Amino acid sequence: KGGVYEETALPIIVPPYTTITGDSLRTTVIKPGAGLDSGGSILNIRSTLFRCSNAVIVQDLVCDGMGGYVPGSPAHDPTAATLGGIYFQLNAASVITEKSPYIYNVTTFGDASVGALVDGALHGSGYKTMLFHTYTAIHSDGLGIWAKDNGAAEVINCFTYYTQLGYASTGGAQVRSLNSSNSYGEYGVFAKGYDTTESPNQGQVNGTMLTYTNVLATTFTNGEQITG
């Protein structure tokens, strides 16, 4: 129902096949409550609000109040940053075997907060994915969506505002974004790294190598013939 819900002992573990639906985008607000998270060592506002399991849906609500993202050096690289205040993550205990967690028609606010971290390293199998549709992240100096370590995010009609970094993909992860934008922030998109489990294609070049041992006084010109 409409109202402001201040949740303590974060994260909220959303069980498989569960849908959390607000009355509307502008009436239902979920925030971190005061105090420490369930681990007893991190403030709720710097923890994770939702841990999403297989086939979960979160829709038609606002999340507010998380924070704790501190850019590192370089400022556009999330792997150098201090993470904190994350709204959505995968549930390590629930492999995505059938349907991705689906974040639909949700807006998140917060200073230095993180919209979503899709960490593929949490799961040894499954799809390691999250889906975002009509999702807006208004995070001053924060981060929009980060997929890492072979995780993947489908981002459709989604928007970030004022973030340090909009979308990031590292360690072989993938972000596929359609009809989306990153506005008024510092960096739009960033990617680096590769899939460490990939096997490179092996090959060789056939033919004879021409080796030139002297010093070229001028550059080669088009049509020039090389003999010897």
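The values are calculated or read from the model by the stated rules, or taken from the named source; none is laboratory data. What you see is a predicted model, and the numbers here were worked out from it, not measured in a lab. Neighbour counts run over all protein chains shown; Cβ positions are idealised from the backbone, glycine included. The protein model used for the area step is the full one, side chains on, heavy atoms only, and it has no ligands, DNA or RNA in it. Shrake-Rupley method; radii C 1.70, N 1.55, O 1.52, S 1.80 Å.
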Could you list, in sequence order, the residues of the stretch 147-166 that are open to solvent by 10 Å² or more (accessible area, probe 1.4 Å) and not aliphatic (A, V, I, L, M)?
148, 149, 150, 154, 157, 159, 161, 162, 164
Within the stretch 2-58, residues without any contact (Cβ under 8 Å) to a residue 40 or more places away in the chain, hydroxyl-bearing (Ser, Thr, Tyr) and part of a loop (DSSP other than H, G, I, E, B) come out as 8, 17, 18, 24, 27, 38, 41, 47
Could you list all residues from the stretch 66-87 that are surrounded by fewer than 16 Cβ atoms within 10 Å (Cβ to Cβ) and under 15 Å from the mean Cα position of the chain (by Cα)?
79, 80, 82
Among the residues of the stretch 59-84, write down those that are among the β-branched types (Val, Ile, Thr) and without any contact (Cβ under 8 Å) to a residue 24 or more places away in the chain.
82
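This table checks each residue for (1) touching a Gly at 6+ places or on another chain (Cβ under 9 Å); (2) farther than 21 Å from residue 33 by Cβ; (3) crowded, with 20+ Cβ neighbours inside 10 Å.
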| residue | (1), (2), (3) |
| --- | --- |
| 89 | no, no, yes |
| 100 | no, yes, yes |
| 112 | yes, no, yes |
| 123 | yes, yes, yes |
Do we have any residue at all in the stretch 28-44 that's in contact with a Cys (Cβ under 7 Å, 6 or more places away or on another chain) and open to solvent by less than 50 Å² (accessible area, probe 1.4 Å)?
yes
